[in-house]
Amino acid sequence: MGTALPSLPTLPFAGRTFEVRYGDTMTALNIYAADGHTMRYEVTAGPFTGATAEVRYQSEQLAPGLYALSWQEADKGTVVHVDDFEAGQSRSYYTTAAHEFVRMAGTLREVKATA
């Protein structure tokens with residue numbers, strides 16, 4: 001008899017869609033695939049309205065419901081989110097391809113998927 005592999009913990013955001021609102025700076029939908037590694041975002045308000053991309057992210061649980069997610073954009077910009085899915089808060093730290101550093105803080109809420 002073979003030994004069953006332990007199951008990986010399920011990420012609470014996998015397979016779900018969340019809206020992040022960073023004040024007047026940006027509002028976006030983060031659409032997390034069930035695989036726990038892929039996310040598509042769509043900017044819905046702010047100066048980058050209409051921007052969309054699919055990224056491969058890494059995540060680390062920091063506390064119950066609190067996760068650090070990081071990825072690199074196609075243009076080599078880097079993004080780190082610290083998202084509290086229980087408290088509905090998001091912090092984003094982004095270095096652009098032009099080496100500008102942006103910090104944003106706002107709200108996070110689940111929404112029904114649009115696609």
> Check Thr38: other-chain or 5+ apart residues with amide H under 5 Å from its amide H, H built from backbone geometry?
Replying inline: Ala33, Tyr57
> Nearest 20 debye, what's the magnitude of the dipole of the chain about its Cα centre given +1 on Lys and Arg Cβ and -1 on Asp and Glu Cβ?
Replying inline: 80 debye
>> Tell me the relative contact order for the chain as a rounded percent, counting alpha carbon contacts under 8 Å between residues six or more apart.
In response: 21 percent
> Considering amide H positions built from the backbone, and no H for Pro or chain starts, which residues 5 or more places from Met26, or on another chain, come under 5 Å of its amide H?
Replying inline: none
> How big is D for the stretch 9-115, in µm² s⁻¹ as a whole number, if Stokes-Einstein is applied with the Kirkwood radius of its Cα pairs at 10 °C and 1.306 mPa s?
Replying inline: 115 µm²/s
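Only the coordinates and a few stated rules stand behind these numbers; no lab work does. Fair warning: this is a prediction, and the values are worked out from it, not measured in the lab. Neighbour counts are summed over all protein chains in view; Cβ atoms, including those assigned to glycine, are modelled from backbone coordinates with ideal geometry.
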